[in-house]
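Asker: Quick one: the structure is below, and I'll ask about it shortly.
The values are calculated or read from the model by the stated rules, or taken from the named source; none is laboratory data. None of these values were measured; they are calculated from a predicted model. Cβ sites come from the backbone with ideal geometry, for glycine too, and all protein chains shown count toward neighbours.
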Ligand SMILES: CC(C)(COP(=O)(O)OP(=O)(O)OC[C@H]1O[C@@H](n2cnc3c(N)ncnc32)[C@H](O)[C@@H]1OP(=O)(O)O)[C@@H](O)C(=O)NCCC(=O)NCCS
């Protein structure tokens with residue numbers, strides 16, 4: 001990260017998401033993905049899925065500028081979405097939220113974090129590669145809207161290693 005990024009670092013609070021955040025999460029979904037989750041899907045996942053772990057990154061106004069959702073089963077987790085609102089991208093928010101989520105998951109005993117990312121999603125691919133994820137597989141024509149291939153990535157946490165970035 002260069003000095004400009006550091007200087008522009010926004011004042012962020014990262015916390016678990018709660019039902020009151022759902023309308024903003026649905027807006028973030030529309031802002032971030034070709035196949036956005038509806039408010040209803042998000043609400044159902046957050047409220048009824050015991051595997052679901054959601055975090056939001058809020059600016060000084062308290063409004064979530066980004067969210068990250070995972071599903072955790074035993075010592076493995078899937079990162080199911082990470083979205084930063086389009087006006088606040090490239091300010092380090094996505095990276096900080098990802099670092100936070102990894103630390104929390106690792107503290108909860110997660111050893112492996114999987115995700116899938118569209119083959120042409122260069123910002124996300126760069127973020128994940130720089131964060132230590134490696135490609136472990138591909139699913140052709142995985143995304144129904146564009147027919148893009150999904151790149152499956154994995155990061156394994158070493159429990160005796162405090163570094164997470
Ligand atoms: C991918 C996403 C979450 C990144 O969030 P962000 O807050 O903009 O990312 P950061 O500012 O923390 O950037 C971290 C790194 O990601 C990479 N990156 C982010 N945006 C990038 C861009 N537009 N082009 C190239 N690389 C980019 C860079 O390596 C960057 O590090 P650097 O700024 O030191 O060069 C954001 O672009 C987003 O919400 N996209 C739409 C939703 C999405 O595609 N989510 C991923 C689903 S798998």
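Asker: Name the residue, out of 79, 68, 12, that is buried (at least 17 other Cβ atoms within 10 Å of the Cβ), touching a residue at least 60 places away in the same chain (Cβ under 8 Å) and within 27 Å of residue 158 (Cβ to Cβ). Please lay out each step first, then the result.
Answerer: Working: 79 fails: touching a residue at least 60 places away in the same chain (Cβ under 8 Å); 68 fails: touching a residue at least 60 places away in the same chain (Cβ under 8 Å).
Exactly one of 79, 68, 12 is buried (at least 17 other Cβ atoms within 10 Å of the Cβ), touching a residue at least 60 places away in the same chain (Cβ under 8 Å) and within 27 Å of residue 158 (Cβ to Cβ), namely 12.
Asker: Quick check on the range 15-29: of everything there that is within 14 Å of the ligand (Cβ to nearest atom) and under 14 Å from the mean Cα position of the chain (by Cα), which residue is surrounded by the fewest Cβ atoms within 10 Å (Cβ to Cβ)?
Answerer: 29
Asker: Out of curiosity, is residue 95 surrounded by fewer than 20 Cβ atoms within 10 Å (Cβ to Cβ), away from the ligand (no atom under 16 Å from the Cβ) and within 15 Å of the chain's Cα centre (by Cα)?
Answerer: Values: surrounded by fewer than 20 Cβ atoms within 10 Å (Cβ to Cβ): yes; away from the ligand (no atom under 16 Å from the Cβ): no; within 15 Å of the chain's Cα centre (by Cα): yes.
In short, no.
Asker: Considering only the range 30-52, I want to know if a residue exists there that is within 13 Å of the chain's Cα centre (by Cα) and free of Cβ contacts under 8 Å to residues at least 40 places away in the same chain. Write out each step before concluding.
Answerer: In the first step, residues of the range 30-52 are kept if they are within 13 Å of the chain's Cα centre (by Cα); the result is 32-33, 52.
When the remaining residues are screened for being free of Cβ contacts under 8 Å to residues at least 40 places away in the same chain, the result is 52.
Yes, the range 30-52 has at least one match.
Asker: Can you name the condition, by its number, that residue 117 falls short on among (1) in contact with a strand residue (DSSP E or B) (Cβ under 9 Å, 6 or more places away or on another chain); (2) within 18 Å of residue 17 (Cβ to Cβ); (3) touching a residue at least 24 places away in the same chain (Cβ under 8 Å)?
Answerer: That leaves (2) as the condition not met.
Asker: State all residues of the range 108-128 that are farther than 17 Å from residue 149 by Cα, more than 8 Å from the ligand (Cβ to nearest atom) and surrounded by fewer than 18 Cβ atoms within 10 Å (Cβ to Cβ); if no residue qualifies, say none. I'd like the intermediate steps shown before the answer.
Answerer: Applying the first criterion (farther than 17 Å from residue 149 by Cα) to the range 108-128 yields 108-113, 127.
Cutting the leftovers down to more than 8 Å from the ligand (Cβ to nearest atom) gives us 108-113.
Selection gives 108, 109, 111, 112.
Asker: Restricting the range 114-163 to residues that are closer than 16 Å to residue 76 by Cα and in contact with a helix residue (DSSP H, G or I) (Cβ under 6 Å, 6 or more places away or on another chain), which is modelled with the highest pLDDT?
Answerer: Among those that are closer than 16 Å to residue 76 by Cα and in contact with a helix residue (DSSP H, G or I) (Cβ under 6 Å, 6 or more places away or on another chain), it is 153.
Asker: Which numbered condition in (1) surrounded by fewer than 16 Cβ atoms within 10 Å (Cβ to Cβ); (2) within 13 Å of the ligand (Cβ to nearest atom) is the only one that residue 38 fails?
Answerer: (2)
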